[in-house]
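Notes follow once the structure below has been shown.
The values are calculated or read from the model by the stated rules, or taken from the named source; none is laboratory data. Model, not experiment: these values are computed from the prediction. No Cβ is skipped: glycine too gets one built from the backbone with ideal geometry, and neighbour counts run over all protein chains shown. When the accessible area is computed, the model is the full protein with side chains, heavy atoms only, and any ligands, DNA or RNA have been set aside. Shrake-Rupley method; radii C 1.70, N 1.55, O 1.52, S 1.80 Å.
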Amino acid sequence: MTLREAAAALRARSVSAVELATQALASIAGLEPQLNAFITVTADAALERARQADCELAAGAGGSSGPDPLLGIPVAVKDLFATRGVRTTCGSKVYENFVPDYDAAVVERLQAAGAVIVGKLNMHELAYGITSANPHFGPVRNPWNLEHSPGGSSGGSGAAVASGMVFAAMGSDTGGSIRIPASFCGTVGIKPTYGRVSRYGALPLSWSHDHMGPLARTVRDAAVVLEAIAGHDVRDDTSSRRPVESYVPAEGVSIRGMAIGVPANWFFERLDPEVEAAVRGALQLAASLGAEIKPLRLPDIEALNAVARVILLAEASAQAEPHLAERDRFGADVLALFDQGRLLAATDYIHAQRLRRRLRSEFDRLWDQVDCLAVPSTPNLAPRIGDRTVLLGGLEEDIRLASTRLVRGINALGYPALSMPCGVSPGPGRAGLPVGLQLIGPPFSEALILRAAAALEDAGLRIPPCPLFQ
Amino acid sequence: MTDWKAIARARGLEIPEAELDRVAKPLETLEAVFRPLVADLPAALEPATGICPLEEAE
């Protein structure tokens, strides 16, 4: 059952919110020993909220297109979103006892839309990494293959959605942290335009790169959640005042005539062959649906990635500096990144911001040629837990740098980008690992890339549930 | 190429010697890409403020 199907079933009274919450909690209890996707489960609060939702549903509320589209729907949030009265660890020892007296904007909006939050999701420590092998709360495991990583940093979000524990989950994306777990776990994940979703109450990693967005099992489910959480918030200085569009694509939506750019450089270099085959297949499907596939060359992505890394390193270290004297409170990988950021010069950061402006101007010109870009989300399949490198195109790459190679730069540009499943690996030894297709659009084009994704999904670009799905 | 280990020691960041390679090597790799980009920036190119809504930056 999808989120929208569950909303319809609730409205038809063929299932109750308490039944859905009870199923979600049972699924969590059954799968947690294997997946370790949650840091905190809020069972009592969820059941109480579900009982309220049933009362509201009995009074005629609910429905995925109404004012409370998530009424009675079980969801979960990454443990960097502040939750009033509920521990919010950010996957870190630094915040292990932090109990906020406020809710993040995203949590407020989910609750206002009627969602039943069943818990807080495990993640890479401080959202600063892509494996979700958390040294304090244990590694999250990929529901497609428990020996593999779910990606990160929103690894618990990807695992919980893919395994069916919840219908949708909230993640954050600073250098790919929604799109990477979406790709590795075979879910849809959307990083909206910078400023589209409030960052208020989300523990920051890099102020100018942090984006908040949902992961869900279908494109339209992700759109329902995005529509519920998007919009202006005076508490976030970067929040856009632009009105929120209707994001949920209509049934039978078309991409006929849509100009989809396929870069000849960077995005199709050094790919796992199974990733390339699945993404090329998706492009053929788009062409068969009437989209115009336009080859093009992109500005210097390697430069963009370097600029994004300098900005992230500097902002993250500045944010964490008050805590860095206590080195034993951090995992080794995260600590090394914080140390790197502390060594950069102020001029490096300023130069990176100057380059960012120039590159943004160069990339903006792409939108005169195409409506969106279609590329792989990650060049690799989900790595085995503990892997530090991956061999791609004959070159051994650091697993973090490889996995972020196709997503990181988009955070510096602030563009919306979506990952959706486009295949499953048949390869020996790693059979069943999903492949992600990434759609990238100009600022505030969420509706367009969701429409493109929905058309592809309707035409069969989807994968079966993972073996652990409940 | 910048001597990142020397900078770490000079700044008194208390990074153990055993961890310095983990810090310096990625910075050397990053610097090899980043530093040439900076070499020819025009003086008139100002920084992106970074932290503002995109429509205000347009």
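Restricting to the stretch A:346-372, what's the tally of residues that are over 30 Å from A:PRO135 (Cα atoms) and within 11 Å of chain B (Cβ to nearest Cβ)?
So the first thing to find is which residues in the stretch A:346-372 are over 30 Å from A:PRO135 (Cα atoms), and the list is A:346-348, A:350-372.
Then drop every residue that is not within 11 Å of chain B (Cβ to nearest Cβ), which leaves A:347-348, A:350-361, A:364.
Number of matching residues: 15.
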(message) Quick check on my filter: what residues within the stretch A:211-232 are open to solvent by 10 Å² or more (accessible area, probe 1.4 Å) and within 12 Å of chain B (Cβ to nearest Cβ)?
(response) A:HIS232
(message) Anything in the stretch A:271-302 that is crowded, with 24+ Cβ neighbours inside 10 Å and within 14 Å of chain B (Cβ to nearest Cβ)? List them, or say none.
(response) none
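Would you confirm whether or not the stretch A:248-270 contains a residue that is hydroxyl-bearing (Ser, Thr, Tyr), within 30 Å of A:CYS466 (Cα to Cα) and open to solvent by less than 10 Å² (accessible area, probe 1.4 Å)? Spell out how you get there, then give the answer.
Just the residues of the stretch A:248-270 that are hydroxyl-bearing (Ser, Thr, Tyr), to begin with: A:254.
Add one more test, that the residue is within 30 Å of A:CYS466 (Cα to Cα), and what stays is A:254.
If we keep only those that are open to solvent by less than 10 Å² (accessible area, probe 1.4 Å) too, we end up with none.
No, the stretch A:248-270 contains no residue that is hydroxyl-bearing (Ser, Thr, Tyr), within 30 Å of A:CYS466 (Cα to Cα) and open to solvent by less than 10 Å² (accessible area, probe 1.4 Å).
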(request) Hey, can you tell me all the residues within the stretch A:73-82 that are out of contact with any strand residue (DSSP E or B) (no Cβ under 6 Å at 6 or more places or on another chain) and either open to solvent by 10 Å² or more (accessible area, probe 1.4 Å) or not β-branched (Val, Ile, Thr) (or both)? (result) A:ALA82
(request) Mind listing whichever residues of the stretch A:350-377 are surrounded by 19 or more Cβ atoms within 10 Å (Cβ to Cβ) and aromatic (Phe, Trp, Tyr)? (result) A:PHE363
(message) Go through the stretch A:303-333 and report how many residues are surrounded by fewer than 21 Cβ atoms within 10 Å (Cβ to Cβ), away from chain B (no Cβ under 11 Å) and either of a type in the set (Phe, Trp, Tyr) or under 17 Å from A:ARG400 (Cβ atoms) (or both).
(response) 1
(request) Determine which member of the set A:VAL244, A:VAL197 is surrounded by fewer than 24 Cβ atoms within 10 Å (Cβ to Cβ) and touching a Lys or Arg at 6+ places or on another chain (Cβ under 9 Å). (result) A:VAL244
(request) Identify all residues within the stretch A:92-107 that are closer than 11 Å to A:ALA202 by Cα and either polar (S, T, N, Q) or assigned to a helix (DSSP H, G or I) (or both); write none if there are none. (result) A:ALA105, A:VAL106, A:VAL107
(message) Restricting to the stretch A:438-456, count the residues that are in a loop (DSSP other than H, G, I, E, B) and of a type in the set (Gly, Ala, Ser).
(response) 2
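Matching residues to (1) aliphatic (A, V, I, L, M); (2) within 21 Å of the chain's Cα centre (by Cα):
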{"site": "A:VAL225", "(1), (2)": "yes, yes"}
{"site": "A:ALA228", "(1), (2)": "yes, yes"}
{"site": "A:GLY231", "(1), (2)": "no, yes"}
{"site": "A:ILE255", "(1), (2)": "yes, no"}
{"site": "A:GLU269", "(1), (2)": "no, no"}
(message) With the requirement that a residue be open to solvent by 50 Å² or more (accessible area, probe 1.4 Å) and at the interface with chain A (Cβ under 9 Å from one of its Cβ atoms), what does the stretch B:1-23 give you?
(response) B:ILE7, B:ARG11, B:GLU14, B:PRO16, B:GLU19, B:ARG22
